[in-house]
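J.: Before anything else, here's the structure in question.
The values are calculated or read from the model by the stated rules, or taken from the named source; none is laboratory data. Everything quoted here is computed from the prediction, not taken from an experiment. Virtual Cβ from ideal backbone geometry, glycine too; neighbours counted across all protein chains shown. In case anyone asks, the SASA skips ligands and DNA or RNA and just uses the protein heavy atoms, side chains included. Shrake-Rupley method; radii C 1.70, N 1.55, O 1.52, S 1.80 Å.
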Amino acid sequence: MTIYQPDLYCATEEFSLVGSQLNHTLQCGGVTIDSWIAADPSLLSTPDPKGEWWKAYLRGAVPNSSSPNGVIRTVDLFCGPGGLALGVGQLAAELGVDMVSELICDQDEGAVAVYSANHSTRLRSTNSVTSWVDFRWKGRSDQASFTYEPEIIDPLLADALPNIDLVMAGPPCQGHSNLNNHTRRTDKRNELYMTVPAFTFAVGARMAIIENVPTVVRDRMQVVETARALFESAGYRVATGVFGAHDMGWPQTRKRFFMVAHREADPIPFADISRVLSEARPRSLLWAIGDLADRTEGSIMYQPADLSSENRARIDWLFDNNRHELPPPKRPPSHQNGTSYGSVYGRMLEDRPAPTLTTGFMSPGRGRYVHPTRRRTLTLREAARIQGFPDNYRFVVTPKDPPPRTRIAQWIGNAVPMSLGYAAALSVLAVDQRERWRT
C-alpha cells in the first residue's frame, strides 16, 4: 500500500490483473491506496476484475499492501454481529492497517458472541451504553452542545481502554423505520444516537462512524442534527449522507444513512466517494449466490427453511408458470382483495440485484425471497453473502448448541452490508492515514 498526495479532487478506482495478482488502486480525497490479492490465473481474461475482487473477498481473501501502516483500535456500540466492522476492516486491510477490536457492546448476547468470535474482540459487554458515559446536553438540532465534558463513569473501563482511534455504532433503528407505525419518529430509543458523540469524546477517539436507516433524518426529535451539533461543539468535523449498495455495483438494493466525524481533518465528502465507487449497473443476485444453489452440507447455514404445504404450493405455481409474481387468487385470503406489499410471495430475479433483505428472508410471506432457480427461499449462507459476509464468517459459535435459524436470520437481516460500511469508512480512514503521513 502506498499513500501520497495527488490532486485533492481526483477520484478514480482501477482493478487490473497482472500475472497471478489482482491489483486494486483507489484514489480519493488526496490519497491513493494500492492493494492486491492472489488471483486464479484463469481469471486473466475476465471482463469484470472488480467483481472478481469482491468474489475473492466473499470467499475469505484478505488484501495485501506494500507495507504495514500501524493499527486502529476500535469500539463498536450497538454492534450486532459485526457487519459494519467488516467494511471498516476491509478498507483498513487495503490501507495496510491492522484493525484491533478493543470493546463491543450490544444487549443481544448472541450477537456479541458472534462478533467477538469473528473479530477477536478483547472486551465485550451486554450493558447499556448509557450506563458507561456521563453526559448531558442543552439545545436541540444545530443549537445543541454538551453541558459539560462527557466522561466514562466506570474508572475500570476507562483504564481498560487504550487509545481508541475509532468508535463505530448502529443505534437502534426500529424507532426510525417505516415498518414501525406506532412510535416512528418519536421513539425514545432514538435518543440513544446522542450517546455516540458523547462516548467518542469521552474516550478521546479521533473518528466515529454512525449508521442507521435513511429515514432517521425525518426523526421528529431531530437526532441527526443534534448529534452533528454535539460532535461539532466538541471540535469534530462531520459529514453525512446516504449510500446505496446497488449504486456501487453490489447485488442488493439497500440504502443506509451514515454520519462520520473526524477530530483533525475534514472527512472526504460523500459525493466524492459515491462518484469513485459508483457503477452503471449492480451485479446480479446469481453473481453473489449462483454457486450455492445446490450446496447441501449439514451446516445450518445451508439448510433450506421448512415451508408449509400452502407455501410450497405457491412456490411450485411460480416455477410451473414461469412467473415471478403471485396472482391474488393464489395468495392468502387477506391478500386476495389487494395488498400494498405486492412483492410478498414473489420470486427473485436472477439477473437483477436482490431486494432489501429483512429478518424474514427465509419466509415467502415476508417479501420477495423465493430463490430465482430453486423451489425454496434463501438459505442463511446465501443471505449472508448478499449482505457481504464472507463464507468463513461464523454465525454458529458453538456447533453443539447452534442458535435457532430465526436468530441467525435476525442478525443477518439487520446487519449493515459490507459495501456500505466500506464506503463510509473511506470518508474518515483515508484522510486519517493522510494526516498521519503528513506528520
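J.: Please give the number of the condition Leu77 fails out of (1) buried (at least 20 other Cβ atoms within 10 Å of the Cβ); (2) hydrophobic (A, V, I, L, M, F, W, C); (3) more than 27 Å from the chain's Cα centre (by Cα).
T.: Going through the list (1) buried (at least 20 other Cβ atoms within 10 Å of the Cβ); (2) hydrophobic (A, V, I, L, M, F, W, C); (3) more than 27 Å from the chain's Cα centre (by Cα), Leu77 breaks only (3).
J.: Is it the case, given these coordinates, that Pro364 is within 30 Å of Gly60 (Cβ to Cβ), of a type outside the set (A, V, I, L, M, F, W, C) and surrounded by 16 or more Cβ atoms within 10 Å (Cβ to Cβ)?
T.: When the stated conditions are applied, Pro364 does not pass them.
J.: Here's a follow-up. Would you mind stating whether Met248 is surrounded by 24 or more Cβ atoms within 10 Å (Cβ to Cβ) and either under 20 Å from the mean Cα position of the chain (by Cα) or without any contact (Cβ under 8 Å) to a residue 12 or more places away in the chain (or both)?
T.: When the stated conditions are applied, Met248 does not pass them.
J.: Which one of these is touching a strand residue (DSSP E or B) at 6+ places or on another chain (Cβ under 9 Å) and either at pLDDT below 95 or open to solvent by less than 70 Å² (accessible area, probe 1.4 Å) (or both): Pro282, Pro328?
T.: Among Pro282, Pro328, only Pro282 is touching a strand residue (DSSP E or B) at 6+ places or on another chain (Cβ under 9 Å) and either at pLDDT below 95 or open to solvent by less than 70 Å² (accessible area, probe 1.4 Å) (or both).
J.: Can you say whether Val370 is aliphatic (A, V, I, L, M) and either open to solvent by 50 Å² or more (accessible area, probe 1.4 Å) or at pLDDT below 95 (or both), as far as the supplied structure shows?
T.: When the stated conditions are applied, Val370 does not pass them.
J.: Consider Ile104 carefully, then state whether it is more than 19 Å from Ile164 (Cβ to Cβ), outside any loop (DSSP other than H, G, I, E, B), hydrophobic (A, V, I, L, M, F, W, C) and touching a strand residue (DSSP E or B) at 6+ places or on another chain (Cβ under 8 Å).
T.: No, not satisfied.
J.: Looking only at region 251-270, filter to residues that are in contact (Cβ under 8 Å) with a residue 60 or more places away in the chain and either of a type in the set (Gly, Ala, Ser) or closer than 16 Å to Val167 by Cα (or both); which one of those is most open to solvent (accessible area, probe 1.4 Å)?
T.: Among those residues, the one meeting the criterion is Glu264.
J.: Would you call Asp142 more than 20 Å from His24 (Cβ to Cβ), acidic (Asp, Glu) and buried (at least 23 other Cβ atoms within 10 Å of the Cβ)?
T.: Taking the combined requirement at face value, the residue does not satisfy it.
J.: Kindly indicate whether Arg256 is among the basic types (Lys, Arg) and out of contact with any Leu (no Cβ under 9 Å at 6 or more places or on another chain). Give the steps one after another, and end with the answer.
T.: Values: among the basic types (Lys, Arg): yes; out of contact with any Leu (no Cβ under 9 Å at 6 or more places or on another chain): no.
No; evaluated as a whole, the condition is false for this residue.
J.: Another question, if that's okay. Give me the pairs: first residue in region 274-297 and under 27 Å from Ala425 (Cβ atoms), second residue outside any helix (DSSP H, G or I) and of a type in the set (Lys, Arg), beta-carbon distance under 9 Å, and six or more apart or on different chains, which are they?
T.: Pairs found: Pro282/Arg352; Ser284/Arg352; Leu285/Arg352.
J.: Residue by residue through region 314-325, note down the ones that are more than 14 Å from Ser363 (Cβ to Cβ), open to solvent by 30 Å² or more (accessible area, probe 1.4 Å), outside any loop (DSSP other than H, G, I, E, B) and in contact (Cβ under 8 Å) with a residue 12 or more places away in the chain.
T.: Result: Asp316, Trp317, Phe319.
J.: Let me ask you something else. Condition first: among the small types (Gly, Ala, Ser) and part of a loop (DSSP other than H, G, I, E, B). Can you find one or more residues in region 390-412 that meet it?
T.: No.
J.: Here is a list: Asn118, Asn127. Which entry is surrounded by fewer than 22 Cβ atoms within 10 Å (Cβ to Cβ) and either part of a loop (DSSP other than H, G, I, E, B) or touching a Cys at 6+ places or on another chain (Cβ under 6 Å) (or both)?
T.: Details: Asn118 fails: either part of a loop (DSSP other than H, G, I, E, B) or touching a Cys at 6+ places or on another chain (Cβ under 6 Å) (or both).
The conditions single out Asn127.
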